[in-house]
Amino acid sequence: MEERATDLVIKNLRKSFGKNKVLNGIDFELKEGERVVVLGPSGSGKSTFLRCINWMEEPTSGEIIFDGEVVTEKNIRQVRRNIGMVFQHFNLINNMTVMENLTLAPVKLKVMKREAAEKRARELLRHIGLLGKADAYPASLSGGQKQRVAIVRAMMLSPEVLLFDEPTSALDPESIGDVLSLISELAERGMTIMIVTHEMSFAKEIATRVVFIDKGRIIEEGAPEEFFSHPKTERVREFLEKVL
Amino acid sequence: MDNFVNKIVELFSTPEYIDSLLHGFLLTLQVSYFAILIGVALGTVIALVDTAKKTKWTVVPKFICTVYTTIVRGTPMALQLFIMFFVIFAIKGFPSIITAIIAFGLNSAAYTAEVIRSGILSVDPGQTEAGLALGLSRRTIFFKIVAPQAIKNIIPAMGNEIITVIKETAIVSMVGMYDLNMAAKDIGSGQNMASYIVPMFVAALFYLATIYLITFIVRRVEKSLRKSERRVEE
């Protein structure tokens, strides 16, 4: 793969829904090859933070700078091509087969010819053991299968960063393992990842950095060993006591 | 009972009566058909404006659409028909069939808009998000993802609207147009028939057959659209 200087810089990001202030000024940087796990209590704004990065939610104020360029209404589609996203509820396109789900964006965005896209899709599907489902519709897949297809779909455009928004929260315990091991595999191959999750042991294992958000602010961040064994703030100590 | 059967035989063996019924039936079909076309076209536009993202460009059109649907759905169809006939198109020699088509078309548009709007809104927002996250344009997302899923929700309710329009056109007899309903009344008041029961019974059969056929077609379309939802499990 070619040399890429992935650089995501977020400055004073704020987001409100009406009067409800969800993000209250977040400053953050992401370097190539990092795997950042975002933790926090429910309602802390961690999902909103992730969703603001590729403008699934339009920030109320603040700057998002991706590869040296400020993200705006004008370049957002180009930015989204380079930032893959995996959702809690998979969001496979219901009226398309697995194959069509994978090839839609690369073909429509003229990144690949149809044959090339289908070839790559088949390779990826074979890799996750779902080649036999290429012509199936999402409704006939299990949750774990759907999520693995969704991850592979995000990979089709070879993004520089992958965002995971609670990728295993809607899954049964058995499929969680399958999905997590696929994410680990991407991590091992050097993928830059940001993930919101409640799977603490997975977070420990995969993260190169942990970010803790509470009430719309980053209140602590650091290396996982440090974060989990010697939390600096009372709030994080409290949180870890409850979840570990 | 014998009398009833005899009268039916009489009705069907008198070319004049058959002619009247078919004439009326044809008018009913013409008004319904073109009204539904107008309704679908205009209704689609209203629904698209209604579901479009709120920006400075869509505020005014959105407001106009809301006012329009509120007025149309809030007043009786018969009154709207009268306004068209005796106020707006009260032009001497203006073909009454066109006035009727416009009246029913504009009315149906408001209801069709609601059907299409709720069909679009019933598609999971996650479907749109998936498209956005992949960098697709709003246009592609609408035509490739949202519309094909919305149509499955729209078809059954649209069938209902078509049926409603066909039956509702019967009120054109109130402004003296010779539709199926009027034909039945006309035959019933004729010298030989001298009873409304038989022609009205036959007119009812005409309506019923038409609507049965439409219901059948709508079911067929519905079924073929649901193919992609074959659920193996879950």
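Since every read-out is calculated from the coordinates, none of them should be taken as a lab result. Just so it is clear, the model here is predicted, and its values are computed rather than measured. Every residue, glycine as well, gets a Cβ built from its backbone with ideal geometry; the counts of neighbours run over all protein chains shown.
Descriptive notes on the structure:
- Charge dipole (debye, nearest 20) of chain A; +1 at Cβ of Lys and Arg, -1 at Cβ of Asp and Glu: 820 debye
- Chain A, helix-only ellipticity at 222 nm - DSSP H runs n ≥ 4, -39,500 (n - 2.57), divided by all residues, nearest 500: -11000 deg cm²/dmol
- Restricting attention to the protein assembly as shown, close to 55% of DSSP beta bridges with both partner residues there are antiparallel.
- Likely footprinting exposure, A:Ser16, B:Ser13, fewest C-beta neighbours within 10 Å first: B:Ser13, A:Ser16
- Distance between modelled label sites at A:Thr60 and B:Ile211, nm, 7 Å Cα→Cβ extension: 5.3 nm
- If R0 is 51 Å, the Cβ-Cβ spacing of B:Lys223 and A:Glu226 corresponds to a FRET efficiency of close to 0.25.
- Shape class of the protein assembly as shown from the alpha-carbon gyration tensor: prolate, with a/c at 1.5 or above and a/b greater than b/c.
- Here the protein assembly as shown is treated with +1 on each Lys and Arg Cβ and -1 on each Asp and Glu Cβ, and its dipole about the Cα centre works out to around 840 debye.
- Prolate/oblate/rounded call for the range A:93-140, Cα gyration tensor, a/c under 1.5 rounded: oblate
- Only Cα pairs under 8 Å and 6+ residues apart enter the sum, and on that basis the relative contact order of chain A stands at 27 percent.
- Based on DSSP H segments of at least four residues, each scored -39500 (n - 2.57), chain B has a per-residue ellipticity at 222 nm of -24500 deg cm²/dmol.
- Our estimate of slack between B:Ile88 and B:Asp2, defined as 0.36 nm per intervening residue step minus the Cα-Cα distance, is 26.0 nm.
- Measuring r between the beta carbons of B:Met200 and B:Ala147 and using R0 = 25 Å, the FRET efficiency lands at 0.05.
- Length gained on full extension, A:His127 to A:Asn12, computed as 0.36 nm times the residue gap minus the Cα-Cα distance: 37.4 nm.
- Taking other C-beta atoms within 10 Å as the exposure proxy, A:Glu166, A:Glu226 rank A:Glu226, A:Glu166 from fewest upward.
- Among A:Thr97, A:Thr192, sorting on how many other beta-carbon atoms sit within 10 Å of each Cβ, with the fewest leading, yields A:Thr97, A:Thr192.
- The calculated FRET efficiency for B:Gln30 paired with B:Asp124, based on their beta-carbon distance and R0 = 60 Å, is about 0.90.
- Net lengthening on full extension, B:Ser189/B:Ile102 (0.36 nm per residue, minus Cα-Cα): 28.3 nm
- Dipole of the range A:93-140, positive end: most advanced residue of A:Ile128, A:Asn94, A:Met112 [Cβ charges, Cα centre]: A:Met112
- Charge dipole (the protein assembly as shown, unit charges on Cβ, about Cα centre) - positive-most of B:Leu136, B:Ala147, B:Thr55: B:Thr55
- Non-local lysine pairs in chain B, meaning eight or more places apart or on different chains, with alpha-carbon distances under 28 Å, amount to 21.
- Within 10 Å of each Cβ in A:93-104, the average number of Cβ atoms from other chains: 4
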